[in-house]
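The values are calculated or read from the model by the stated rules, or taken from the named source; none is laboratory data. Values in this document were obtained by computation on a predicted structure and should not be read as measured data. Every residue, glycine as well, gets a Cβ built from its backbone with ideal geometry; the counts of neighbours run over all protein chains shown.
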């Protein structure tokens, strides 16, 4: 379990960093790479990017900026009202650039798991996409999936556990849902749909947590 949890945190940090690098390679200004959520703990520059570390180790996002002024390292600390003025809406980018931002970082992350799992990585990728929404039915479907995961973790190596965790993360984030990376390949969607789909994703995540607690 701890291997899967540690792997998840590593994936969050690595994906955010790769997304920042990919954006810069596309000529997009990166205003900040925000690791986790909640109150800000500290801001720093590393690997050519401005980072912001927050208190709750869940999720990450990258702030993109439309102008050169936002390249200043201190901009990452601006007030929320100023941040909104400086943020670039990724949905305004051309489809090809959105597709690159959506797919390239996850492809890089997926590659080591492919080396570990071989063709099974693709099987687990498809299975992960289908299993994702089982979290919404945590009272019925969730516990069965969690029990299967625990049984798998108990019968395999730490390296395979880490690889499987990575594949599940990739599967979830590549789903063509507004608010996830896979949603960037869709046509521009109304803000209300992004908010609604994000709420579904959060509900699914909560369902998986409930399932793990129930089975544990």
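Take the residues of segment 168-186 that are over 8 Å from the mean Cα position of the chain (by Cα) and in a loop (DSSP other than H, G, I, E, B): which is modelled with the lowest pLDDT?
So, considering only residues that are over 8 Å from the mean Cα position of the chain (by Cα) and in a loop (DSSP other than H, G, I, E, B), the one modelled with the lowest pLDDT is 179.
Report whether or not residue 108 is in contact with a helix residue (DSSP H, G or I) (Cβ under 8 Å, 6 or more places away or on another chain), surrounded by 13 or more Cβ atoms within 10 Å (Cβ to Cβ) and at pLDDT 95 or above.
yes
Does residue 118 satisfy being modelled with pLDDT of 80 or more and either within 21 Å of residue 104 (Cα to Cα) or out of contact with any helix residue (DSSP H, G or I) (no Cβ under 8 Å at 6 or more places or on another chain) (or both)?
So residue 118 fits the description; yes.
Does any residue in segment 174-196 that is free of Cβ contacts under 8 Å to residues at least 12 places away in the same chain come within less than 7 Å, Cβ to Cβ, of a residue that is surrounded by 14 or more Cβ atoms within 10 Å (Cβ to Cβ) and outside any loop (DSSP other than H, G, I, E, B) six or more places away or on a different chain, and which pairs are these?
176/182; 176/183; 176/185
Being outside any helix (DSSP H, G or I), surrounded by fewer than 16 Cβ atoms within 10 Å (Cβ to Cβ), at pLDDT below 80 and more than 17 Å from the chain's Cα centre (by Cα) is the requirement here; does residue 139 meet it?
When the stated conditions are applied, residue 139 passes them.
Please work out if residue 32 is exposed (fewer than 11 other Cβ atoms within 10 Å of the Cβ) and at pLDDT below 95.
no
Can you name the condition, by its number, that residue 90 falls short on among (1) within 30 Å of residue 64 (Cα to Cα); (2) out of contact with any strand residue (DSSP E or B) (no Cβ under 9 Å at 6 or more places or on another chain); (3) surrounded by 14 or more Cβ atoms within 10 Å (Cβ to Cβ); (4) at pLDDT 80 or above?
Answer for residue 90: the failing condition is (2).
Suppose we keep only residues that are over 21 Å from residue 27 (Cβ atoms) and modelled with pLDDT under 90 within segment 48-64. Which one would you say is surrounded by the fewest Cβ atoms within 10 Å (Cβ to Cβ)?
Selected residue: 56.
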